[in-house]
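Here the structure comes first, spelled out in C-alpha cells, and everything after it is commentary.
No lab work stands behind these numbers, since they all come straight from the coordinates. As the structure is a prediction and not an experimental result, all values here were calculated from the model. Methodologically, a virtual Cβ is constructed for each residue, glycine included, from the backbone with ideal geometry; neighbour enumeration extends over all protein chains shown.
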C-alpha cells in the first residue's frame, strides 16, 4: 500500500499534507517548519489565541506527519507484547494505549500510541520512523506490517467543546467514549476511526481517515463548530499545551536510543518517568527486559522531574542545582509559562537520588531583556504530576463545554 | 427578635472575620486561612462575588453582571492560591475596534505589522508614534507594577519599614534619568487628552486610545490626572502580555468561585445572607461583628472589604471611628459615573463598518470617534444627566467563551460612561432607567442594523442599582476615585493607607485602599500581609515577581 515515489520528487524538499490547502486558508503569518518530511505550520495567526482554542473551545492540529504503521497477523498480539514493555494482553479491541519501546539495553527508542483495531490487528503511531525497528523484531513471528504514514490523514481535535462538535456532526454516541477508547464511524468515503486521545492533557479526540476524506472532514468540523470559535493551530500552541500537561517529546526531552551516538545520552523508561508502562513480570520477554530488570534492582541514573519554578522567567535550557550556587545535578529539557495553570513550569532530569516529589532544587536561569543577558536563581519544587490535569480530560460523558 | 442561638457555635471566637465576599475580601480571607488562621467570611447577599459575579438572569444566559474582563488580577495571587486548580481559567481575547461616524472602523490587531498598517490606513504620520506611545506606556507600567503588591509607605513616619519603603521608591525614581523623571511627573498629573496629543495627530486614534481613561472616572478626557487612569487600565497583563485583557471562563464569577475554593481548601467558612450591622468595639479594640439579624460573632480581628464610606459611616459607630476618620470618610470621593447593560442576543449583531469575516468583533468596541465628543458627554454628566452619545465599552464574551450563552446565541456586555447617580437631582424612576437603556441601545443600533431585532433580554444597571446590589457607594466601580489625591499613601486617606483602621484589630482590604479598583486582588493580599505582620506570623503573601 506504500505510496510510490515519483522520480521528480526532488523538486520539492517537503511534502504537503492533505490538509495543507485548508491550513493555508487560515495562515496569516507564513511561519512553517518541517516535521517528518512535511511542511507544517508553526503559527497560523497568533500562538496565544491558538493555545486558548485548546483550553477554551476546540483546536485542530494536523497530525498527518506522524509515523503510522499497520501490524496484523495471527501472532500480532505476541509480536506487540515482544516489542513493547506494556502488557499487551490487557489491551482489548477498541482500546488505545500510550507506550514507549526500548532497545536491548533498555533505552527508549520512541514513544507513541498503539490502537488495537481488531483481535489480530494493531496500528502503531509514533513520533519517529520505525520501519527498521518493526522489521528487526518481526523475525520468527507470523505477522505482516506496513507503513501507512502517507496514506492516513490524521487530525487532533482537542478542547472542551470538541465532543459537542463531534456530536453535532452526527457521530452517534461519541459522548460515551471513554479516555483511550477507539471506534469507527460512518463518513462519506468510508469509515473513519476516532480515538479519545491526544497530546494536550485536555478533553480531545484524534480522527484518522483516508487522504481523500481530509478536506470534507475539515469542512464538516468547521460547519458543525461554527458557533464555537474553533481554530486550526500550529506547533507552538501545541508545545505549550503538552508541557503544561507534563508530557515528554522525542528529540526534545529524550534522544531516541537508536539515533543516539554519545554514551549515556539515551534514557530508560524509568528515567523518563514511565515506570508505569514497564511490566517486567508480564510473563513474556520483551525488548530491553533484562536491562530494565537490572536497572530496577541497581537503580536508575536519572529521575524525570516536573518542576514548579519560582518567578516568571522561563527556565529554558537551565541547569539544575541541589542548592543556590550548589552542585549541578541536572538540566531542564522543556520549559514554558503555563497559561492555564498560571505557573512557570519546566520538565527536566536530575541525578538520582535528587528530585523526589516535594523536593526543592534550584535552576540557574539566563534570560534576556532588551538584548542584555541577566541571570536569576529560581527555587523549583518537584510537582507530583502535570501542572494541568482538569477533570474534563477523563470525564465521561463530557460536558458540552 | 433576639439573636438566634446556635448552641456552642454562638460562643465561638474566630481569629478573623472578613466582611464582604468580593474578590478582595475573598483574597484576603484565603491568604489568612492559608496562614493557618480561623477565618469567617460574612456576605450580605445570598451569593458571593461582589462585583466579580456571574449571574443567570435569563434562560440559559450567564451574565458577568458587573466587572466583565480580567487583566489586572495579580498573577502572583493566582499562582499562590492555586486558582487554576480551583477552576479559574483566564482566556485572552482577540480584536477590538472603534467605529467612526462616517462608517469606517479602526481595528486593534494583536499582530504588530497589521496594527501598524491599520494606523497607516487612517493616518500615515502616526504609525511610528504608535510604537513610541507603547514604549512610553511600557516604561510607566514597569515603574508602577512593583508597587501594586506593596504597602505604601507613610511619608510622615520614621518607622524602619516606612523608611525602607521610601528608600525603595527613591531608588526607583533615581533609576529614571532626568528626562524620564520629568515625563513621569507630567504623566501623573496631566489629562489623557494632553497625553495622547503628545503622540498622535489623528483624532480617531486619540479617541481610540484615550477611551479607557474615563472608564469609571468622574473626570473628562481633558481633566488633569486622567492619564494615570489610562495606565491603570493598561498596566495589567495576561500571561505576561502587557495591556492584554481576558475573560474569566464562565464569567467573572469564576474569579470569586476559585478564590472561595482556595479559601475553603484552607478551612475557611463563608456565610452568605449575613449583612453586617456594626463592627463591635470595646476599649478601643475590635470584638467582632453584629449582623443585621442581631447575631453577634466574636473575633480578634475584623477586616472590612466595604468601601471607605460604607465602612466608616455605615458599619462603625462614629465614636469608635473617631472624628478625624469620619470627616475624611465623608470627604472621600466616590461618585458614580458609570452604567451597564447586560444583553441576551439571539445572534451576532452585524456591524456595517466591519469587513466580512473580521475577527475584531471578538474584542471590545467603542463608538466615540473624537476627543471633543468625550468631553461633551462628560459635560452632560456634570449637568446631571446621562450622556446622549456615551462612551461605550461593548464586548460579546460568548464569542470567545462558549459557556456564557447557548450555541449561536450571545451575551453582550455594554459598559456606559457617563451615567449619574441621580438624574437632575432626582432619583432614578423605571421610566428614566428605560430611557437610559434606550439611549444605549439606539447608539449601538446606529452602527448595527439588525441589533435591535436580536435582543431577547436586557438588564439595565444604573449607579444606584450597582450600589443597592453590590454596596459600592454611589455605584463607583473603583470603590473611590483614582485621583492623585486618593492614590498610594493617600488611599483612602492620609494616615490610613496601610490597611489598618482607627481601632485595634480593625482593617480594610477593599479597593478603597492601595492600589485601588479593578479586579486586581492586590488590596486584599496586601491587607492580609499587614495582618500577618501584626500577628507575627511568617507571611505567605507574595510580592511582585518583577519584570527585570
(Q) Among A:33-41, B:67-75, B:144-152, how do they line up by average Cβ neighbours within 10 Å per residue, starting with the highest? (A) B:67-75, B:144-152, A:33-41
Q. Per residue, what volume in Å³ does the Cα convex hull of the stretch A:35-90 take up?
A. 153
Q: Distance between Cα centroids, the stretch B:354-382 to the stretch A:1-22: provide it in whole Å.
A: 50
Q: When a/c is below 1.5 the answer is rounded, else prolate if a/b is larger than b/c, else oblate, so apply that to the stretch A:301-390 with a ≥ b ≥ c taken from the square roots of the Cα gyration tensor eigenvalues.
A: oblate
Q: May I ask for the distance between the Cα centers of the stretch A:333-358 and the stretch B:54-93, given as a whole number of Å?
A: 26
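Neighbour counts of other C-beta atoms within 10 Å: give me A:365, B:315 arranged from fewest to most.
B:315, A:365
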Q | Three-way shape label, chain A, alpha-carbon gyration tensor, a/c 1.5 | A | oblate
Q) What percent of all Cα-Cα pairs in the stretch A:171-211 falls in each 5 Å bin, counting up from 0? A) 5, 23, 32, 22, 12, 4, 0
Q: Beta carbons within 10 angstrom, averaged per residue: use that to sort the peptides B:222-231, B:515-524, B:243-252, A:181-190, highest first.
A: B:515-524, B:243-252, B:222-231, A:181-190
Q: State, as an integer percentage, the relative contact order of the stretch B:124-243 based on alpha-carbon contacts under 8 Å between residues 6 or more apart.
A: 27
Q: Using R₀ = 56 Å, calculate the FRET efficiency as 1/(1 + (r/R₀)^6) where r is the Cβ-Cβ separation of residue B:121 and residue A:296; round to 0.05.
A: 0.25
Q: Order by neighbour count: B:376, B:491, fewest other Cβ atoms within 10 Å first, most last.
A: B:376, B:491
Q.
Translational diffusion coefficient of the stretch B:124-243 at 20 °C, 1.002 mPa s, Stokes-Einstein with Kirkwood Rh over Cα pairs, in µm²/s as a whole number.
A. 137
Q: Give me the distance between the Cα centres of the stretch B:177-209 and the stretch B:109-133, rounded to whole Å.
A: 17
Q | Test item: A:80-88 mean partner chain Cβ contacts at 10 Å | A | 0
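Translational diffusion coefficient, Stokes-Einstein: compute it for the protein assembly as shown using the Kirkwood radius over C-alpha pairs as Rh, at 20 °C and 1.002 mPa s, and state it as an integer in µm² s⁻¹. The partial results should precede the final answer.
Numbers: Rh = 30.3 Å.
Value of D from the Cα-based Kirkwood radius: 71 µm²/s.
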Q: Show me A:48-58, B:38-48, B:209-219, A:65-75 ranked by packing, highest mean number of other Cβ atoms within 10 Å first.
A: A:48-58, B:209-219, B:38-48, A:65-75
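In whole percent, what relative contact order does chain A give with Cα contacts below 8 Å and a gap of six or more residues?
Taking the mean separation of contacting Cα pairs over the length of chain A, I get 18 percent.
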(Q) Give the average, rounded to an integer, of partner chain Cβ atoms located within 10 angstrom of each Cβ in B:107-114. (A) 2
Q: Can you bin the stretch A:291-334 into rounded, prolate or oblate? Criterion: square roots of the alpha carbon gyration tensor eigenvalues sorted a ≥ b ≥ c, rounded for a/c under 1.5, prolate for a/b above b/c, oblate for the rest.
A: prolate
Q.
How much length would be gained if the chain were fully extended between residue B:317 and residue B:164, taking 0.36 nm per residue of separation minus their Cα-Cα distance, in nm to one decimal?
A. 51.6 nm
Q | Taking B:159, A:368, B:12, B:356 and counting other C-beta atoms within 10 Å, the order from fewest to most | A | B:356, A:368, B:159, B:12
Q: Kindly provide the helix-only [θ] at 222 nm of the protein assembly as shown, computed as the sum of -39,500 (n - 2.57) over DSSP H runs of four or more divided by all residues, to the nearest 500 deg cm²/dmol?
A: -7500 deg cm²/dmol
Q | Hydrodynamic radius of the stretch B:163-202 per Kirkwood, over alpha carbon pairs, in Å | A | 11.7
(Q) Can you give the FRET efficiency to the nearest 0.05 for residue B:424 and residue B:450, using r as the Cβ-Cβ distance and R₀ = 30 Å? (A) 0.30
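How high is the relative contact order of chain B, in percent, counting Cα pairs under 8 Å that sit 6 or more residues apart? Numbers along the way, then the final one.
Working: 1206 pairs, mean separation 135.4, N = 548.
Relative contact order of chain B: 25 percent.
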Q | Binned Cα-Cα distances of chain B, short to long, each 10 Å bin given as a whole percent | A | 4, 18, 29, 27, 15, 5, 1, 0
Q: Take every residue in peptide B:73-82, count the Cβ atoms of other chains within 10 Å of its Cβ, and give the average of those counts.
A: 3
